[in-house]
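The structure under discussion appears below in the form of structure tokens.
The values are calculated or read from the model by the stated rules, or taken from the named source; none is laboratory data. Worth saying up front: this structure is predicted, and the values here are computed from it rather than measured. Note that each Cβ is placed from the backbone with ideal geometry, even for glycine, and that neighbours are counted across all protein chains shown. Remember, those area values only see protein heavy atoms, side chains included, never the ligands or the DNA or RNA. Shrake-Rupley method; radii C 1.70, N 1.55, O 1.52, S 1.80 Å.
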Amino acid sequence: FFYSLLLPGLFVFGTLCVFSLIVLWRFRLLLQRKKKAASSSKTGKSQTVIAFFHPYCNAGGGGERVLWCALRALQKKYPEALYVVYTGDADVSGQQILEGAFRRFNIRLTRPVKFVFLRKRYLVEDSLYPHFTLLGQSLGSIFLGWEALMQCVPDVYIDSMGYAFTLPLFKYLGGCRVGSYVHYPTISTDMLSVVKNQNVGFNNAAFITRNPFLSKVKLIYYYLFAFMYGLVGSCSDIVMVNSSWTLNHILSLWKVGNCTNIVYPPCDVQTFLDLPLHEEKATSEHLLVSIGQFRPEKNHPLQIRAFAKLLNKKESESLPPLKLVLIGGCRNQDDELRVNQLRRLAEDLGVQEDVEFKINIPFDELKKYLSEATIGLHTMWNEHFGIGIVECMAAGTIVLAHNSGGPKLDIVVPHHGKRTGFLAESEEAYAETMVHILSMSAEQRLQIRNSARASVSRFSDQEFEETFLSSVERLFQKCHTCTD
């Protein structure tokens, strides 16, 4: 009976495949016509349309600084092109977004930008997927990408926010040349190790680690997702990664080493280097600052707990008055809720009088805090890079970052054999290291500050523009595959 159904089953399957291919081909032809219409300028000449997929372009984080610097670099080299940004920030105007970029990053674009506002950004919100979050957000990004593609079909498409599942959509249906700037892999071999070893983490709940069966199921899910992530990522014609840590994971997962380059994110180091190093006074209050969006992986609670331990040690170590200032951007209500939770944590630990929160502050105010701070805190495990760390170093703030990821491999490394900052992991280690830094003489701290400042020129806007333009050049050539 089953053998008798084999041939009819194969025939039905083949027919469905052929029908699907025909439908997809028709869609491709439709999109090609939309592309021609979009690339026709008012003068009748064809324009190259360059589009960035960045649903949170108004967020004000390091990823957004990459977006605006990349746009500025391309506009200088290709002034005749038409530039598009797909964004979900539908509650503001395009002009307000550009003004926000100037206010937060001191970046002003030289050419106009067309903003394509997407209404389905909620499909990539993690709160929509309490379970199977990675898969849910990735599938949601496909629908969001489809909405973007239906509104504008570019010639060159660059995913600048890590939505790799949109790449095959734009490449094979849209007929675009596609590139990726990867800040942080959606899944990494470190995440696989956390689940495999049944360690608790912000993406691995305790009830899963306690159950061997659930751990095995999640591990299988992660391996399958990593396989799919590798497939879609390999569609990129060019891949840019922001650090050595990200490079290692992307090479392992996407396996496109011959078109993958490290392009360090742009840090406005010169603006901070221009700040004078204030002479420290022995009796003055020491300011500790943290720069980073209020996202769970940034692990702000660790900063507050370590600071509370530091205050407990203050009397015995004869330390001067201390204040912790958490500076960051809030993207949505979830981020605002996290800030409220952090405020409650400070109250529970009894340090609320010594902890301040500065949300979405202007660039000039950020510079003022960094110029006055003694220590710059950063606590994210396996931070992909850490623009805030570089800014602290350029401003003359002594950095204390997590002993992992980009800070360990690329940033807080010796410069000509001299120390540029400190690394730690646990609450106790952070507190003890802060005590050590504050107990040093002003001259010893000055040596570290000067070495750190001298080391950050490799992360400047100018270096980013050169390496970025060199990397994306093949997207503007007729021959643009990874194998040429």
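In table form, for the structure just shown:
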{"quantity": "Positive minus negative residues near Asp354 (Lys, Arg vs Asp, Glu; Cβ under 12 Å)", "calculated": "-2"}
{"quantity": "Residue-wise HN-Hα coupling along region 450-460, computed from phi with Karplus coefficients 6.51, -1.76, 1.60 (Hz; x: Gly, Pro)", "calculated": "5, 5, 5, 4, 5, 8, 8, 4, 6, 10, 6"}
{"quantity": "Degrees, to the nearest 10: 212-233 long Cα axis against longest axis of the chain", "calculated": "70 degrees"}
{"quantity": "With DNA, RNA and ligands ignored, accessible area of Asp91 (1.4 Å probe; Å², nearest 10)", "calculated": "130 Å²"}
{"quantity": "J(HN,Hα) series, region 336-350, from Karplus relation 6.51 cos²θ - 1.76 cosθ + 1.60, nearest Hz, glycine and proline x", "calculated": "5, 5, 5, 4, 4, 5, 5, 4, 5, 4, 4, 5, 4, 8, x"}
{"quantity": "For the chain, calculated [θ]222 nm from helices alone, where every DSSP H run of n ≥ 4 adds -39500 (n - 2.57)", "calculated": "-15000 deg cm²/dmol"}
{"quantity": "Ranking by accessible area, most exposed first, for Leu277, Leu337 with a 1.4 Å probe", "calculated": "Leu337, Leu277"}
{"quantity": "In sequence order, calculated HN-Hα J values of region 111-128 (Karplus, 6.51, -1.76, 1.60; Hz; x Gly/Pro)", "calculated": "10, x, 10, 9, 9, 9, 8, 9, 9, 10, 5, 4, 5, 10, 6, 5, 5, 6"}
{"quantity": "Assigned charges on the beta-carbon of Lys, Arg, Asp, Glu; the chain dipole about Cα centre (debye)", "calculated": "1900 debye"}
{"quantity": "Cα-based shape type of region 92-183, given that a ≥ b ≥ c are square roots of the gyration tensor eigenvalues and the cut on a/c is 1.5", "calculated": "oblate"}
{"quantity": "Three-way shape call for region 269-459 based on the alpha-carbon gyration tensor, with the a/c threshold at 1.5", "calculated": "rounded"}
{"quantity": "Which of Leu118, Pro320, Thr420, positive extreme of dipole for the chain (C-beta unit charges)", "calculated": "Leu118"}
{"quantity": "Heavy-atom accessible surface of the chain: percent carbon and sulfur, 1.4 Å", "calculated": "56 percent"}
{"quantity": "Over region 220-338: Rg over Rh, Cα atoms, Kirkwood Rh", "calculated": "1.12"}
{"quantity": "Region 269-459 - charge dipole about Cα centre, Lys and Arg +1 at Cβ, Asp and Glu -1, debye rounded to 20", "calculated": "400 debye"}
{"quantity": "Per-residue SASA entry for Tyr223, accessible area with 1.4 Å probe, Å² rounded to 10", "calculated": "110 Å²"}
{"quantity": "Cα-based helix-to-principal-axis angle, 427-439 vs the chain, degrees rounded to 10", "calculated": "50 degrees"}
{"quantity": "List Phe357, Phe272, ordered by accessible area with a 1.4 Å probe, largest first", "calculated": "Phe357, Phe272"}
{"quantity": "Hits among aspartates and glutamates - C-alpha to C-alpha of Lys216 under 18 Å, sequence gap 8 or more where chains match", "calculated": "Asp190"}
{"quantity": "Accessible-area ranking of Tyr129, Tyr229, largest first, probe 1.4 Å", "calculated": "Tyr129, Tyr229"}
{"quantity": "Cα centroid separation - region 429-470 against region 224-244, whole Å", "calculated": "31 Å"}
{"quantity": "For Arg458, solvent-accessible area (1.4 Å; no DNA, RNA or ligand), Å²", "calculated": "80 Å²"}
{"quantity": "Whole-number Å³ per residue for the convex hull built on Cα positions in the chain", "calculated": "166 Å³"}
{"quantity": "Rg/Rh for region 425-469, where both radii come from Cα atoms and Rh is the Kirkwood radius", "calculated": "1.23"}
{"quantity": "Cα gyration tensor category, rounded, prolate or oblate, for region 276-382 with a/c compared to 1.5", "calculated": "oblate"}
{"quantity": "Degrees, to the nearest 10: 2-39 long Cα axis against longest axis of the chain", "calculated": "70 degrees"}
